[in-house]
Amino acid sequence: MEKLIQYATKASSYDGAFDSKVGWAAAGMGYLLRTENGHLIAVDGGHPDDAETFLELLEANADGKPTVDFWIITHPHGDHYGALLELCRRPELAARVEIRTLIYHFPEEFRDARGNGIGYAFPHFEKILAVTGAKPVVPRPDEIVETDGMRLHFLYTPTDCSILNNPNQLSLIFTAQGSGRK
């Protein structure tokens, strides 16, 4: 049976005071899809300090060393790709997982409302790709990728950057469908 597992990041359980100079710590997010035959699909993963616990989640749901068929990073905020980046910065963690494909879409021409780009993310993704050897995939709207009977259908990808002004608007939107479940 397929499983969808929501990962509760460390920041998502924050119960402290609001700091007006810093604001709230972003909660981050992470999900894991496990197909009927044990193939893994990771979505985001949280902050850098979530790297070990997200890796433990992968290990707990794998038959042996985890092999992630697709690791999807929804958008270029550190609370979404930070765990994966930290995993790649630490060889002892990176050695515990295999990542076959990294799926993301960060248009280089994107500028936020203040004119800032997302160039900060590109060196991070170059490192992730170099360490993991993962194949990069930049999905387009209506593109479908599949593994072990799990079909991911990308409904939205940021293809028209002229109307976008916030990195959250770059978020990939997709459905996942397995044997009779969507």
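A few comments on the model shown:
- Residue within segment 136-145 that is at pLDDT 95 or above and under 24 Å from residue 63 (Cα atoms) present: yes
- Output for segment 124-159, where each listed residue is open to solvent by less than 80 Å² (accessible area, probe 1.4 Å) and more than 26 Å from residue 98 (Cβ to Cβ): 141, 156, 158, 159
- Flag if residue 87 is surrounded by 19 or more Cβ atoms within 10 Å (Cβ to Cβ) and aliphatic (A, V, I, L, M): yes
- Criterion applied to 126, 98, 109 was being over 18 Å from residue 7 (Cβ atoms), acidic (Asp, Glu) and in contact with a Lys or Arg (Cβ under 9 Å, 6 or more places away or on another chain), and the one residue passing it is 98.
- Across segment 13-29, a minimum of one residue is classified as at pLDDT below 95 and part of a helix (DSSP H, G or I).
- Scanning segment 43-84 for residues that are at pLDDT 95 or above, in a loop (DSSP other than H, G, I, E, B) and among the charged types (D, E, K, R) yields a single hit, 65.
The values are calculated or read from the model by the stated rules, or taken from the named source; none is laboratory data. Computed from a predicted structure; not experimentally measured. Note that we place each Cβ from the backbone using ideal geometry, even for glycine, and neighbour counts take in every protein chain shown. Please note that ligands, DNA and RNA were not included when accessible areas were found on the heavy atoms of the full protein model with its side chains. Shrake-Rupley method; radii C 1.70, N 1.55, O 1.52, S 1.80 Å.
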